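The values are calculated or read from the model by the stated rules, or taken from the named source; none is laboratory data. The model shown is predicted, which means the values in this text are computed figures rather than measured ones. A quick note on method: Cβ atoms are made from the backbone with ideal geometry, for glycine too, and the neighbour counts reach across all protein chains shown.
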Amino acid sequence: MNFSNKTDKEIAELLDQYMIKHGPVVGSTRKLYEKKLHEALES
Amino acid sequence: TSQKHKEFVAEPMGEKAVMALAGIGEVLGKRLEEKGFDKAYVVLGQFLVLKKDEDFFREWLKDTCGANAKQQFD
Amino acid sequence: TSQKHKEFVAEPMGEKAVMALAGIGEVLGKRLEEKGFDKAYVVLGQFLVLKKDEDFFREWLKDTCGANAKQQFD
């Protein structure tokens, strides 16, 4: 899944959907959270 | 600075809610909370990551919760 | 904690370079600087924006500058 075209809000919603606790999705945290989503999708 | 800011800086920030910040009332606080900025220290973190650049920070505040010039200044 | 960390916390962080942080030497410091984290306070900001979550912060350090477990711990 390619997250780069998703908004920060959509990323945050996906993190909630996969029950990944997280802080704000901002420029400096987005890459880490996208990685966590990839891991959740793979598992 | 406002009375609210004086109270805020009078003690360690700790786990204070975002609404404890001067200029951040109910409406702006809710919007910030929705985006994950529920505590004052998270907003501080964003300010530091923006390298304490006031213009960037004001713009970020405006984009994130619609803070107007006065609220940004506070 | 290491001597380096003791020195670091002995005075206000101010504008200290990122290499003043315990665990961050020349190599890691350079990589962090290249990504804009040139001052210790910017790395603190990142920790705060990650809501002081140690696991996320360690992972971010590893992804950002290749810090190994010991360096992350420091």
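Computed quantities for the displayed model
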{"quantity": "Any chance C:Glu15 is at pLDDT below 95 and either within 11 Å of chain B (Cβ to nearest Cβ) or surrounded by 14 or more Cβ atoms within 10 Å (Cβ to Cβ) (or both)", "calculated": "yes"}
{"quantity": "Per-region count, the stretch C:19-54, residues facing another protein chain (nearest Cβ under 8 Å) and closer than 19 Å to C:Lys70 by Cβ", "calculated": "1"}
{"quantity": "Count - residues of the stretch A:10-43 that are more than 9 Å from the chain's Cα centre (by Cα) and among the basic types (Lys, Arg)", "calculated": "1"}
{"quantity": "Among (1) surrounded by fewer than 19 Cβ atoms within 10 Å (Cβ to Cβ); (2) away from chain B (no Cβ under 12 Å), the one test that C:Cys65 misses", "calculated": "(1)"}
{"quantity": "Index of the failed condition, C:Glu7 passing every other in (1) in a helix (DSSP H, G or I); (2) under 25 Å from A:Pro24 (Cα atoms); (3) among the charged types (D, E, K, R)", "calculated": "(2)"}
{"quantity": "Residue count for the stretch A:1-35, restricted to those that are part of a helix (DSSP H, G or I), in contact (Cβ under 8 Å) with a residue 12 or more places away in the chain and within 14 Å of chain B (Cβ to nearest Cβ)", "calculated": "8"}
{"quantity": "Among the candidates B:Ala40, B:Ala10, residue that is farther than 19 Å from C:Val42 by Cβ and not charged (D, E, K, R)", "calculated": "B:Ala10"}
{"quantity": "Flag if B:Gln72 is surrounded by 11 or more Cβ atoms within 10 Å (Cβ to Cβ), at pLDDT 95 or above and of a type in the set (S, T, N, Q)", "calculated": "no"}
{"quantity": "Which numbered condition C:Trp60 misses (of (1) within 14 Å of chain B (Cβ to nearest Cβ); (2) farther than 24 Å from B:Tyr41 by Cα)", "calculated": "(2)"}
{"quantity": "Checklist (1) within 16 Å of C:Leu48 (Cβ to Cβ); (2) out of contact with any Phe, Trp or Tyr (no Cβ under 9 Å at 6 or more places or on another chain) applied to B:His5, failing item", "calculated": "(1)"}
{"quantity": "Count of residues meeting criterion [part of a helix (DSSP H, G or I) and either small (Gly, Ala, Ser) or touching a strand residue (DSSP E or B) at 6+ places or on another chain (Cβ under 8 Å) (or both)] in the stretch B:11-32", "calculated": "3"}
{"quantity": "Output for the stretch C:42-62, where each listed residue is crowded, with 19+ Cβ neighbours inside 10 Å and assigned to a helix (DSSP H, G or I)", "calculated": "C:Val42, C:Val43, C:Gly45, C:Gln46, C:Phe47, C:Leu48, C:Val49, C:Phe56, C:Phe57, C:Trp60, C:Leu61"}
{"quantity": "The one condition in (1) aromatic (Phe, Trp, Tyr); (2) within 14 Å of chain B (Cβ to nearest Cβ); (3) surrounded by fewer than 19 Cβ atoms within 10 Å (Cβ to Cβ) that C:Phe8 fails to fulfil", "calculated": "(2)"}
{"quantity": "Of all residues making up the stretch B:13-41, the number that are β-branched (Val, Ile, Thr) and under 9 Å from the mean Cα position of the chain (by Cα)", "calculated": "2"}
